[in-house]
Amino acid sequence: MADHPKTDLVPYLRGELAPADRARVARHLEGCPECREDAAALHGLIETLGRSVPPPPAIHWGRWRAELTARRDARRGRHAWWWRPVPLALSASLAGALLVLVVLGGPGTPTGNDLAVVEQTLLGRRLELLRQLSVVERLELLEDLDIIRQLDRLAAASEG
């Protein structure tokens, strides 16, 4: 067989392959002595490595639960910064300052009687148009309606 399952041998030996892949590798091993030899060598290596690793320590669930509770409590204490005195006093003073500004009205609001304020408001609304003043100046050259109509006809002709 041409396709040797070199990368599938270890998962095959450990039982980690899907059933279809496991059957494919098993069929290949039946007909390929080279891969059977590799599989036997890998099987011996896996068993040797399995014996050389010490067993994992027993889990003491009570100690584990206590450690988990201690970590959770430490995390809660770390995130509860607002209970500390300095940030709490700072937050209270900022809230008080905002309350004073709201009650006293902050800076005076302009009245509609001041003509300069009305002009500034209108100019502020047209600020984008003023930023493109060079375009507006060029548009003034197109005041002749005949020129605009001819441009419309040219645009329609180029589209169609």
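The values are calculated or read from the model by the stated rules, or taken from the named source; none is laboratory data. Keep in mind that this is a model prediction, so the values were computed, not measured. Positions of Cβ are generated from backbone atoms using ideal geometry, with glycine treated the same way; all protein chains shown enter the neighbour counts.
Overview of values
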read-out: Residue in the stretch 58-78 that is out of contact with any Gly (no Cβ under 6 Å at 6 or more places or on another chain), at pLDDT below 75 and part of a loop (DSSP other than H, G, I, E, B) present; value: no
read-out: When residues of the stretch 5-46 are limited to those that are of a type in the set (Gly, Ala, Ser) and not in a helix (DSSP H, G or I), the one surrounded by the most Cβ atoms within 10 Å (Cβ to Cβ); value: Ala18
